[in-house]
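K.L.:
Before we start, here is the structure in question, set down as structure tokens.
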Amino acid sequence: MPIWNMSFTPPEVIEAPVLTRLPDEFRKPRRTDWTDANKGGHIIDSFLEGPAFDREGNLYVVDIPYGRIFRISPQLQWTQVAEYGGWPNGIAIHKDGGVWIADYRQGILRMDPKTLAIETVLGHRNSESFKGINDLTFDGEGNLWFTDQGQSGLHDPTGRVYRLRANGQLDCVVHGVPSPNGLVVDDARKALFVAATRANAVWRGPIQTSGSVTKMAAFQTFFGTSGPDGLALDVEGRLCMAHGSLAGTFVMNARGEVTHFLRSSAGSMVTNVAYRPATAQLVITESESGSVLQATLPAAGLALYSHT
């Protein structure tokens, strides 16, 4: 049995029921290059990821293989707001309301929430294409952090983490990561957490006053056929981590000890998490069933740049 914490007790289990699911009208199974590469050619009707709330309480999610973005109203009504020729993998909302998209094929994009027009913010670095961008987050100063995952893993630990500063400067802050995925910066902007999916671990690195990240270390390690995916922090320093093959979300305290496990009531492919702003309610995307789950945790989520 894994040692989850130094009290040698199992994590508290919290059931995460289905809040809403992708309506049948949007489920149109077909074959794409993404399913060929990532799902062994199996035909699926969706793959939900990237939950993010705007200031009006709408929840945005992406559907990677079909290039779709959905907006879910507070009344749980689904609207398809975009369908384009990319693979949107994650979403972060800017303070100005802009919907920023981590697109595996096209880089960092921005969607205007009113016109729904999509523009490219960052398509390459020094004329070199990215490996395949996976997730993104804003810190409290409006700097955008994102992971460049591609097909990296233990066999090819070449994934990278970038920071696009608010002034437009692009920094490669971490390299040599086996499959960097979800990421989050703490409230004091002193630490960066990265989900290293194929290493089946969450990494943590101190952020120096210069802005560089050093001494990356394994904050907590896991197991399974997949690994850590989306991350979120609460106001008391707890880290929530969606795990892609263990049917739930793990909650860790500031020491890395696992204190809670949010068990999926749907499928086992839990991909990402987001706190409902100013609440202790965590929403969770479960991609196998095309569902959004919800559970209540001990503390509210960390205030987002979009809501400050």
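The values are calculated or read from the model by the stated rules, or taken from the named source; none is laboratory data. Given the structure is predicted, the values throughout are model-derived calculations rather than measurements. No Cβ is skipped: glycine too gets one built from the backbone with ideal geometry, and neighbour counts run over all protein chains shown.
K.L.:
Could you pull out the residue among L48, L76 that is of a type outside the set (D, E, K, R), touching a residue at least 12 places away in the same chain (Cβ under 8 Å) and exposed (fewer than 13 other Cβ atoms within 10 Å of the Cβ)?
P.N.:
None of the others qualify; the one that does is L76.
K.L.:
Quick one: which residue in K131, K95, K114 is without any contact (Cβ under 8 Å) to a residue 24 or more places away in the chain, among the basic types (K, R) and either part of a loop (DSSP other than H, G, I, E, B) or within 24 Å of S179 (Cα to Cα) (or both)?
P.N.:
Residue meeting the stated conditions: K114.
K.L.:
At least 2 residues that are β-branched (V, I, T) in each: list the strands (runs of 3 or more DSSP E) lying fully within the range 1-77 that qualify.
P.N.:
By residue number, 12-16, 18-21, 59-63, 68-72.
K.L.:
Shifting gears a bit: Consider the range 78-92. How many of its residues are more than 13 Å from the chain's Cα centre (by Cα) and assigned to a strand (DSSP E or B)?
P.N.:
Of the residues in that region, 6 qualify.
K.L.:
Related question: From R27, R68, R21, grab the single residue that is in contact with a helix residue (DSSP H, G or I) (Cβ under 9 Å, 6 or more places away or on another chain) and in contact (Cβ under 8 Å) with a residue 24 or more places away in the chain.
P.N.:
Checking each option against the conditions leaves just R68.
K.L.:
Looking at T285, T279, which is the one that is touching a Pro at 6+ places or on another chain (Cβ under 9 Å), of a type outside the set (F, W, Y) and at pLDDT 95 or above?
P.N.:
T285
K.L.:
Six or more apart or on different chains, Cβ under 9 Å: which pairs go from a residue in the range 191-211 that's more than 16 Å from R160 (Cβ to Cβ) to one that's among the charged types (D, E, K, R) and crowded, with 24+ Cβ neighbours inside 10 Å? Could you list them?
P.N.:
Short answer, once both residue conditions are applied: none.
K.L.:
Quick one: how many residues across the range 181-199 are crowded, with 23+ Cβ neighbours inside 10 Å and in a loop (DSSP other than H, G, I, E, B)?
P.N.:
Number of matching residues: 0.
K.L.:
Here's a follow-up. For the structure I just gave you, tell me whether K131 is more than 14 Å from the chain's Cα centre (by Cα), exposed (fewer than 14 other Cβ atoms within 10 Å of the Cβ) and not β-branched (V, I, T).
P.N.:
no
K.L.:
Which of the residues that make up the range 219-246 are within 16 Å of the chain's Cα centre (by Cα) and farther than 15 Å from W203 by Cα?
P.N.:
Passing the criteria: S226, D234, G244, S245.
K.L.:
How about the range 55-95: which of its residues are among the basic types (K, R) and in contact with a Pro (Cβ under 9 Å, 6 or more places away or on another chain)?
P.N.:
R55, R68, R71
K.L.:
Ok, one more. Mind counting the residues in the range 142-172 that are surrounded by fewer than 19 Cβ atoms within 10 Å (Cβ to Cβ) and either in a strand (DSSP E or B) or touching a residue at least 60 places away in the same chain (Cβ under 8 Å) (or both)?
P.N.:
6
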